[in-house]
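K.L.:
Before we start, here is the structure in question, set down as structure tokens.
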Amino acid sequence: MTRQDLLAALWHGRDPFADPPAQLRPLDLQGWRSHHPFLEQAVDEFRPGVIVEVGTWKGASALHFARMLADRGVPGTVIAVDTWLGAVDHWADESLFAELATEHGFPSLYRTFLANVLHEGQAERILPLPLDSVNAAELLRLRGVRADVIHLDAGHEEASVAADLRAWWPVLRPGGLLIADDYDRLGGRFPGVTRAVDQFCAEFDVRGPWPLDGKCKFMKRD
């Protein structure tokens, strides 16, 4: 599907980057593992038409995907799914809470994300979808949107990750790739992520998972 197809399916033809504010927020690409080797390998090996990133924060990894698509001449689109309201760890950790940039008691992180995409000139390759993970997956399913690659970096609690995996698996095309962040078999900061991924992979007979430096990837069988 082209970006225009996705706009029609998900935004009723309205472009979320139309009519930007006269003054954008400064560029702020703070993130974690946004240039991981698995991301580059996904673009090189799958040449994806549709990438879905679930949990995009300020957009650093979504922008990395977009630049790689552009550099390789792949006419793909990154659907960036997030509420931009933060997860439990963003509200529990004071330093992360500050990054939500609350205005009148409400997070305004979405404005930072939009500004970053516009500063980087990638509005034609990225399409935000400001919904929670489960509802976003249901919308894509209803609209017949299938992903070639899914990058999952949303909630970190075991139940949340398990729910995300089950919600997004039907959206991933047969033979497609799922990359999960914060995966660490030595425990790490978010052991619930690893438990949820391992249980899901065992239940659904996937190809993988293959771990590397805080992420893992696995494939849906054809």
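The values are calculated or read from the model by the stated rules, or taken from the named source; none is laboratory data. Treat the numbers as computed from the prediction; the structure is a model and nothing was measured. Ideal geometry is used to build each Cβ from the backbone, glycine not excepted, and the neighbour counts take in all protein chains shown. We work out accessible area using only protein heavy atoms, side chains counted, and drop any ligands, DNA or RNA first. Shrake-Rupley method; radii C 1.70, N 1.55, O 1.52, S 1.80 Å.
K.L.:
Can you check what the Kirkwood hydrodynamic radius comes to for region 22-110, Cα pairs only, in Å to one decimal? All intermediate terms of the calculation are to be shown ahead of the outcome.
P.N.:
Working: mean 1/r = 0.0695 Å⁻¹.
For region 22-110, the Kirkwood estimate is 14.4 Å.
K.L.:
Continuing with this model, one more query. Compute the orientation-averaged projected area for region 156-201 from the convex hull of its Cα atoms and round it to one decimal in nm².
P.N.:
Projected area, direction-averaged: 3.1 nm².
K.L.:
Contact order normalised by length for region 1-114, with contacts defined as Cα pairs under 8 Å and 6 or more residues apart; what percent is it? Before the final figure, lay out each step's value.
P.N.:
On the way: 121 pairs, mean separation 29.0, N = 114.
It comes to 25 percent, rounded to a whole number.
K.L.:
Just in region 140-222: which chymotrypsin sites (Phe, Trp or Tyr not before Pro) are loop by DSSP and have at most 14 other Cβ atoms within 10 Å?
P.N.:
Answer by residue number: there is no such site.
K.L.:
Now, a different point. Out of these labelled values of percent of Cα pairs over 26 Å apart, (1) 31; (2) 41; (3) 27, which was calculated from the coordinates shown here?
P.N.:
Among (1) 31; (2) 41; (3) 27, the one derived from this structure is (1).
K.L.:
So what is the diffusion coefficient of region 1-44 in µm² per second by Stokes-Einstein at 37 °C and 0.692 mPa s, using a Kirkwood Rh over Cα pairs?
P.N.:
Estimated diffusion coefficient is 237 µm²/s.
K.L.:
Between residue 108 and residue 198, what length in nm is gained on full extension when 0.36 nm per residue of separation is reduced by their alpha carbon distance? Please list the in-between numbers first.
P.N.:
Numbers: separation 90, 0.36 × 90 = 32.40 nm, distance 3.43 nm.
So the chain would gain 29.0 nm between residue 108 and residue 198.
K.L.:
Give the separation of the Cα centroids, region 2-61 to region 143-190, in Å.
P.N.:
Each part's Cα centre sits 17 Å from the other's.
K.L.:
Moving on. Going toward the positive end of the dipole of region 89-181, with +1 on Lys and Arg Cβ and -1 on Asp and Glu Cβ, which of 122, 96, 176 do you reach last?
P.N.:
The residue sitting most towards the positive pole is 176.
K.L.:
Related question: Among the trypsin sites (Lys or Arg not before Pro) within region 133-222, which fall in a DSSP loop and have no more than 15 other Cβ atoms within 10 Å of their own Cβ?
P.N.:
143, 185, 189, 221
K.L.:
At a 1.4 Å probe, what is the % contribution of carbon and sulfur to the accessible area of region 90-148? The partial results should precede the final answer.
P.N.:
On the way: 1590 of 3090 Å².
The nonpolar share, carbon plus sulfur, comes to 51 percent.
K.L.:
Based on C-alpha coordinates, I'd like the Rg and Dmax of region 79-155, in Å.
P.N.:
My reading of the Cα-based Rg and Dmax gives 13.9, 40 Å.
K.L.:
What is the magnitude of the charge dipole of region 76-214 about its Cα centre, with +1 placed on the Cβ of each Lys and Arg, -1 on the Cβ of each Asp and Glu, and no other charges, expressed in debye to the nearest 20? Let's see the in-between values first.
P.N.:
Values: 11 positive and 22 negative charges, 129 e Å.
Here the size comes out at about 620 debye.
K.L.:
Same structure, new question: For residue 184 and residue 159, compute 0.36 nm times the residue count separating them, minus their Cα-Cα distance, and round to one decimal in nm.
P.N.:
That works out to 7.3 nm of additional length.
K.L.:
Quick check for you: with a 1.4 Å probe and neighbouring chains kept, what is the accessible area per residue of region 1-150, in Å²?
P.N.:
Details: 7070 Å² over 150 residues.
That works out to 47 Å² per residue.
K.L.:
Next question. If you wrap a convex hull around the Cα atoms of region 108-222, how much volume per residue is inside, in Å³?
P.N.:
Given the Cα convex hull of region 108-222, per-residue volume reads 125 Å³.
K.L.:
While we're here: Report residue 2's accessible area, 1.4 Å probe, all protein chains in place, as a number in Å² to the nearest 10.
P.N.:
70 Å²
K.L.:
Let me ask something else. For residue 58, which aspartates and glutamates qualify as cross-link partners when the Cα separation must be under 14 Å and same-chain residues fewer than eight apart are set aside?
P.N.:
28, 82, 99, 120, 153
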